[in-house]
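The structure appears below as structure tokens.
Values in this text are rule-based calculations from the coordinates and carry no lab data. Since the model is a prediction, treat every value here as computed from it, not as a measurement. Cβ sites come from the backbone with ideal geometry, for glycine too, and all protein chains shown count toward neighbours.
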Amino acid sequence: MVLDDASAEFHDFFERHYAELARFAHLLTGEVDGADDLAADALIALWRRWDRLRQAEYPLAYARGVVANLARSRIRSAVRERRRISLFWSRGAESLDGPDVAAVVDVRTALARLPFRKRTCVVLRHAFDLSEKDTALALGISVGTVKSQTSKGMAELERMLGTTGAAGELLAGRRNR
């Protein structure tokens, strides 16, 4: 199969960034399986606009923004569904999947409690080590908003966890995974 230039460029973009976009989706939603779906959906959306995006200065920033928007929609849908279900059944205890250490589980739980914009800023800045400018580009917000949302989000995480700096280290993967 012979690929044209646009297809080859997109294939290269996909190979380089799919795993990162899936990890980003996982940190935003807390869903392992859904994260792959979100990353794939985002890349499908990018492919549909690839002729324009391939000329863009920051296609990865656009991709991250698409993932963030899809994650926000998925979270809102899940909240609506949980509300409907709770009308009929009482909620049982949640089980944790995977071999996560307690500290990582605590950070993920606290992260899920942050408002979406704060969570997105914290994840992009600390888990993906993006600059304030790159985070702002990905989310379509100002650098000042990124600074304030990240600062407030980290302060809330540290308050919830009762630690200083541990949340950032765990998000960045510098401790037990």
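If R0 equals 25 Å, the separation of the Cβ atoms of Arg76 and Asp33 corresponds to a calculated FRET efficiency of about 0.85.
For region 1-82, which trypsin sites (Lys or Arg not before Pro) are both in a DSSP coil and crowded by at most 15 other Cβ atoms within 10 Å?
On the way: sites: Arg16, Arg23, Arg48, Arg49, Arg52, Arg54, Arg64, Arg72, Arg74, Arg76, Arg80, Arg82; in loops: Arg49, Arg54.
Here the trypsin sites (Lys or Arg not before Pro) that fit, given the DSSP loop and packing criteria, are Arg49, Arg54.
For Gly34, neighbours were defined as the other residues whose beta-carbon sits under 11 Å from its Cβ, and their charges (Lys and Arg +1, Asp and Glu -1) total -4. Compared with the direct C-alpha span, the chain from Thr145 to Arg113 gains 9.6 nm at full extension, assuming 0.36 nm per residue. Computed from the C-beta positions of Val105 and Arg48 and an R0 of 35 Å, the FRET efficiency is 0.40 to the nearest 0.05.
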